[in-house]
1. Within the range 964-974, can one find any residue that is surrounded by 14 or more Cβ atoms within 10 Å (Cβ to Cβ) and within 27 Å of Ile880 (Cα to Cα)?
2. Testing Ile1055 on (1) under 21 Å from His1015 (Cα atoms); (2) in contact with a helix residue (DSSP H, G or I) (Cβ under 7 Å, 6 or more places away or on another chain); (3) part of a loop (DSSP other than H, G, I, E, B), one condition comes back false. Which one is that?
3. For the range 989-1016, name all the residues that are farther than 13 Å from Leu976 by Cα and modelled with pLDDT of 90 or more.
4. Please tell me if Asp646 is part of a loop (DSSP other than H, G, I, E, B) and acidic (Asp, Glu).
5. Look through Leu1102, Leu1077 and report the one residue that is surrounded by 15 or more Cβ atoms within 10 Å (Cβ to Cβ), over 25 Å from Asp970 (Cα atoms), touching a helix residue (DSSP H, G or I) at 6+ places or on another chain (Cβ under 9 Å) and not acidic (Asp, Glu).
6. If you take the residues of the range 391-436 that are of a type in the set (Ser, Thr, Tyr) and in a loop (DSSP other than H, G, I, E, B), which of them is modelled with the lowest pLDDT?
Amino acid sequence: MIVFIKHELKLYKKLLRKENTTYYRNVKQVRWNLKQTVLSMTLSFLNLMNHEDVASALQKELIEVIQHPLKEGMKNKYHHVCEGIAKQGESTSLNKIYTDLYITERGAGHVNKEHEVRRIEKNLMQQEVQIECRNMFECLPGQDRPIRTVLTQGVAGIGKSICVQKLILDWAEGKELQDIQFIFPLPVQELNLKRGNQSLMDIIGYFFPETQGLILTDQYKVMVILDGLDECKLPLSFHKNEILKNVCEAAPLDVVLTNLINGNLLPSAQIWITTRPAAASKIPAECVDRVSEVRGFNDQQKEEYFRKRISGQDLANKIIEHIRESRSLHIMCHIPVFCWISATVLQKILEETESEETPKSLTEMYTCFLIFQIVQGNKKYFGKNVLDTPWDEGLILALSELAFQQLEENSLIFYEDDLKSCGIDPSKISVFSGLCTQETGRFLGTVFSFVHLSIQEFLAAVFAYICVRNEHRSIFEPQSTSQESKTTELIDFLKTAVDKALESDHGHLDLFLRFLLGLLLESNEKLIRGLLTQTGSSSDSRKEIVEYIKLKFKENPSPERSINLFYCLNELNDDSLVKEIQSYMSSGRLSEAELSPAQWSALVFVLLTSKEKLEEFDLKKFIRSEECLYRLLPVVQEATTALLSDCSLTERSCSALLKVLNLKSSTLTLLDLSYNPIQDFGVELLSEGLKSSNCKLETLRLSFCSITERGYGALALALNPSSPLKELDLRGNDPGDTGVKIITHLLQDSTYKLNKLRLLKSADAEEVCASLTESLGTDPLLLSELDLSGKIQGDSEMKKLSHLLEDSHCRTKKLKLNNSSVTEEGCAALSSALCLNPSHLIELDLGENKLGNSGVMKLCELLNNNFCKLQRLGFADCCITEKGYAALASALKSNPSSTLMELDLRGNDPGDEGVQLLTDLTKNENSKLKTLRLLKSPAAEKAHATLTKQLGANPLRLREMVLKGKIQGDSGLKQLSDLLKDSHCRIEILGLSNSNITEEGCAALSSSLCSNPSHLIGLDLCENKLGNLGVQQLCSFLNNTHCKLQQFRLKECSIGEKGCAALTSALTLNPSHLRELDLQGNKLGKSAKQLSELMKKSGCPLR
């Protein structure tokens, strides 16, 4: 043991001195475990001795000992690739021909039932986050969770394996990912047949002998690649398999793989899995940190490939231009394998002939490719170079039959036994190496597959066509039946093929049908004439199948199948339906057209196959109806923007749009449904779509959609911090009492992406709202009480405020605008706004504004509105006269549904009839007006209440009020004076005789009458001890130029000479209207003579 440890320590010294050693290679497992133990002890002691640098250097050198042969082996394996049939002695450098592929980040994996070619077409229209292979495990901005497992999906032939090979080669050559110490690509095909129990280290050691004895731990940075999960035949029972954490513990392969993927084994390792889309669901979503998709070549990468592949630039430009002219070819060239097929065919044709007749359809391209491969195969393997195609009918038919069998079984891989069962000698398959590939593995022996799924589908179509043309046999029927008793006509078989393709829910026969019908063309039949034993024209069948396909559109097949039928018509060189629609579109008659089902399908096809990228779909350019939306829904699915405003859509359309939002492939980021009566139920359907993890909607416009509080609630519940929605437009809807609050709450929460909420209809309203938010410190839309007294000034600001008040999202219940310099003009704007949004305001206070009668009349328009819910209205000190009072009374009478309960008119001038008009309303049992505030002070109201009780009548309605004996003393008169000074007190004759009034009471009376002097014409103060001072106080009233007093009775009031003199002086200065003055029972002295002389003067009314 001591000898062993000493030996290991000597080895460590050699490693650190950079001396060559092979001691760590080809070590048996048991001995390796001992070496690993000694190494761990050595590293621990070095760290304890503070020699971390030496420990690190030693560990690095040991890794490089294993890493070097591993990298060398990978460089040799992945440095060269072959495309099709390589010439003898020739191989192609991967670095030379490699063109970057378009790879995007996607959401979680899912099963996609579309045909893979159709999936390519859809991907052309989508723009998502692009990532590079070397950055596959790096977090994007905003992502915090480390990425351990990446699932990369892509259709067959799109370049997944090439991406894997290039990544491994770059690592092996020291160009990329040098922080990763080991990369282990495990071949899924070969793992399928590995039997018995093995540990993870057993598996890695088998495929990579250079690592024999290595034990992987978390101290190593490792990447494991599982390329081609779709070829895995293991059950991958993630939820049933036992937990496995030891990399050296043997277990069934399924258990090892599931524990590796879910992180129980090597939790620190990076796992990269590639698969076709249909198999993505084999891995539970919780086991995958990132899903990416290889999209193949984008347009720029496609051209880059042709320029690298074709040496002459003129020839490359010709090929690129030709590809651009054909929609079908252009789409297929996003698949790298098809680029190779196109380059192979077009290069040969354009180099060897001057003919302009180059393949323009898929069928023609694949037929030419088949011929090229046969010719090349013969030249290479048999040395033949015949001018005509050297058909080996038996071998080609057998290979085609195999292709059809594999298509039916949905299988890409076949073996020697499959070849033999179809009568093919495995040794001869190399002739078709441009059509098939073969690979020898450690477990499987030789495995075969077609170069691409589309090659398999084309050969299957060739088999079907040859059978029906040569033998009148349908491949869809059992061979025995067909041979013994039944022959099949060509047209019958073609109709059956159309029907079967339409029955498929995931379109696995779509491309097969395109190729089959394309072979009907005379030009394509000529190319394969060496395979046909029966001659004759198929033009009648071609015409008949075209009409049959057009009939099929009446059955309303799914959008995917409809589009494929158009591609079939394209292969048949029939574009009549497309031209009809293009004619409608170019003439502008599309919105008026009555389209048949076939024409609707043609319209969808034209829109989806347009050369221009479909980003915006505007329903108004077509027919504004729900039927049109339903018919064109496949187009909406491909658009990023859907403009559907003002198209008479209802909740039925929302049901259709819900499906779009739920689609994994949907790219819709903006949806405009404004001015459509979708109502709350429609919004609830859309809200279900917003909840979907597939929803990518960033902008939703629902202005004027008849949405109420219920709809707002549904939207609020649908959104969460992970929702992508950034902008929401709800203008012109009715949010109810809580709608605004629950929606604006989302805007205020920083965890939500929603940053723009449009509720107000006009820019003016938004400006006012922003201004008030700043001045009030709160969004006014959230306030039920809005006190703007003194905060806005003048009619101009009142007009601005009105823009906000007229909006349905302004739910103010109490509005105060006191002392805001509002006049008639401002009232007009306010009334107009409130008439547009009348049902929320219950209190309005406009006191201390010079509204005048005109302003009040403008506001009476609001009171006449049947939806007005005002309960309290304040007009205190608003310069209103009798005319304004009359207008108010008339408005309230004319609107039996009026809810006004309280009206404040303090400080105004009611005239002779104003008070009576309004107080009559308070007595009307049909009127809700019960509180009429007319008196300015609480003291006046108290006096009013006292007198009402004493007199049994409202004193404000009385013209004559005799209070003899009802009030006593100066205190009673002071209380009465509070009432008399109010403009709403219109007493003409006031009797206060024998009420114990003195000088003090006279002062209060005179003051009140001076405040409200223009109504009183008769005043009786007899039998009160006023004295000279009391009379002198009353003279202030007589001196008032507005005084209208005609009769003044002061009998027995203890008035002397001074009092009489004061009266004489007052009447001299202001003769006023006084006609009768009663001074009996007073001792006037000499002053009586002066009063008599005054009466004699002309102009003095006193008699």
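1. No, the conditions are met nowhere in the range 964-974.
2. That leaves (1) as the condition not met.
3. Ile989, Ser993, Asn994, Asn996, Thr998, Glu999, Glu1000, Cys1010, Leu1016
4. The answer is yes for Asp646.
5. Leu1102
6. Of the residues in the range 391-436, the ones of a type in the set (Ser, Thr, Tyr) are 400, 411, 415, 421, 427, 430, 433.
In the following step, the residues that additionally are in a loop (DSSP other than H, G, I, E, B) were identified as 411, 415, 433.
Numbers: Ser411: 73, Tyr415: 76, Ser433: 69.
The extreme case among them is Ser433.
Quick grid of which residues meet (1) modelled with pLDDT under 90; (2) surrounded by fewer than 20 Cβ atoms within 10 Å (Cβ to Cβ); (3) of a type in the set (D, E, K, R); (4) part of a helix (DSSP H, G or I):
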{"position": "Tyr885", "(1), (2), (3), (4)": "no, no, no, yes"}
{"position": "Ala889", "(1), (2), (3), (4)": "no, no, no, yes"}
{"position": "Leu892", "(1), (2), (3), (4)": "no, no, no, yes"}
{"position": "Ser897", "(1), (2), (3), (4)": "yes, yes, no, no"}
{"position": "Leu900", "(1), (2), (3), (4)": "no, no, no, no"}
{"position": "Leu903", "(1), (2), (3), (4)": "no, no, no, no"}
{"position": "Arg906", "(1), (2), (3), (4)": "no, no, yes, no"}
{"position": "Asp912", "(1), (2), (3), (4)": "yes, yes, yes, no"}
{"position": "Leu921", "(1), (2), (3), (4)": "yes, no, no, yes"}
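Each row is one residue, and each column tells you yes or no for (1) assigned by TED's automatic domain parsing to the domain that holds His840; (2) crowded, with 21+ Cβ neighbours inside 10 Å; (3) touching a residue at least 12 places away in the same chain (Cβ under 8 Å).
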position	(1), (2), (3)
Ala770	yes, no, no
Gly777	yes, no, no
Leu783	yes, no, yes
Leu788	yes, no, yes
Met798	yes, yes, yes
Leu801	yes, yes, yes
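The values are calculated or read from the model by the stated rules, or taken from the named source; none is laboratory data. All values derive from a computational prediction rather than experimental measurement. Note: ideal-geometry Cβ built from the backbone for every residue, glycine included; neighbour counts use all protein chains shown.
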